[in-house]
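Student: Structure in structure tokens, see below.
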Amino acid sequence: MGVAVRQVPLLDVPVVELVGPAGAGKSTVMSFLRDQQAKDEQSGTASDRTHGRTARLAIRSASDWLPAAIAVMLKSPLLGKEVVRHMIRVRTMQDDLPRLRRCAGTALLFDEGPVLSLARISRVCEMAGSEMLREYRAAYLSAWSESLSMVVYLDAVDPVLASRINGRKKRHAIKGLDDAQVRSFLAWYRRHYAEILDYLAGRGVRVVHIDTSAESAGDVAERVAAIVGALHVR
């Protein structure tokens, strides 16, 4: 996530998240946007979310997320360990939002933001969730529906995603899997995202879908830059 330092009124700073499955082109788009920002002589980058700041915010808000985290840990320690980080993220990003907007330029853009974390929480709710975790997810889904201005969802057809992921050195859960396993994993991913995006759209958040299957990474990045640059607060 990059944040430009030029000051504008908080209510005029839209909050945007870029999401999508691995291989859809998120990293390329973010790199393009950061490079574009760096070329602007009137803006720079500000320090975003440090581990130390997140830890302090997490400790301060522990009475909110910790009971639900304990409930999940007791039910499924492995899944609980996975979900706690995302529970903390959706809370601390919300707490940190005023500061991030004060530092932002024309838009505040999240890469790994609240929608990603809410999708991961949804997965754990489905597999081993407690009622407390479901209530926590619902509360922060509602909260972020009031804070987000737009979500840009990148996706591509399964063979394209699999090819891109297999061509990387970076490890991934579906790397090297057969076609059926890839389809199953991506279907799960899309289902949870679709549920969240439908809810957000119903609450007035603009949701933009971009199929990156046939476009070059540079063309997709330019499209996203144009969308974010033209964005106005709803």
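Student: Which of the residues spanning region 72-118 are among the small types (G, A, S) and either more than 14 Å from Y136 (Cβ to Cβ) or at pLDDT below 90 (or both)? Steps first, answer last, please.
Tutor: As a first pass, look at region 72-118 and keep what is among the small types (G, A, S): 76, 80, 104-105, 107, 113, 117.
S76, G80, A104, G105, A107, G113 - these are the residues of region 72-118 that are among the small types (G, A, S) and either more than 14 Å from Y136 (Cβ to Cβ) or at pLDDT below 90 (or both).
Student: Can I ask one more? Identify all residues within region 176-210 that are surrounded by fewer than 16 Cβ atoms within 10 Å (Cβ to Cβ) and over 25 Å from W144 (Cβ atoms); write none if there are none.
Tutor: G176, D178, D179, A180, Q181, R183, S184
Student: Would you call L109 outside any helix (DSSP H, G or I), over 28 Å from E131 (Cβ atoms) and not acidic (D, E)? Give the derivation first.
Tutor: Numbers: outside any helix (DSSP H, G or I): yes; over 28 Å from E131 (Cβ atoms): yes; not acidic (D, E): yes.
In short, yes.
Student: Out of the residues in region 123-159 that are in contact (Cβ under 8 Å) with a residue 60 or more places away in the chain, aliphatic (A, V, I, L, M) and open to solvent by less than 40 Å² (accessible area, probe 1.4 Å), which is nearest to K75 (Cα to Cα)?
Tutor: The residue in question is L133.
Student: Within region 106-121, work out how many residues are open to solvent by 10 Å² or more (accessible area, probe 1.4 Å) and of a type in the set (S, T, N, Q). Show your work before the answer.
Tutor: Within region 106-121, the subset open to solvent by 10 Å² or more (accessible area, probe 1.4 Å) is 106-107, 109, 111-112, 116, 120.
So of that shortlist, the ones also of a type in the set (S, T, N, Q) come out as 106.
So the answer is 1.
Student: Next question, about the same structure. List the pairs whose first member sits in region 61-75 and is open to solvent by less than 80 Å² (accessible area, probe 1.4 Å), whose second member is part of a helix (DSSP H, G or I) and aromatic (F, W, Y), and whose Cβ atoms are under 7 Å apart, counting only residues at least 6 apart or on separate chains?
Tutor: Cβ pairs passing all conditions: W65/Y136; A68/Y136.
The values are calculated or read from the model by the stated rules, or taken from the named source; none is laboratory data. Note that this is a predicted model, so its numbers are computed, not measured. Neighbour counts are summed over all protein chains in view; Cβ atoms, including those assigned to glycine, are modelled from backbone coordinates with ideal geometry. Protein only, heavy atoms only, side chains kept; ligands, DNA and RNA dropped before computing areas. Shrake-Rupley method; radii C 1.70, N 1.55, O 1.52, S 1.80 Å.
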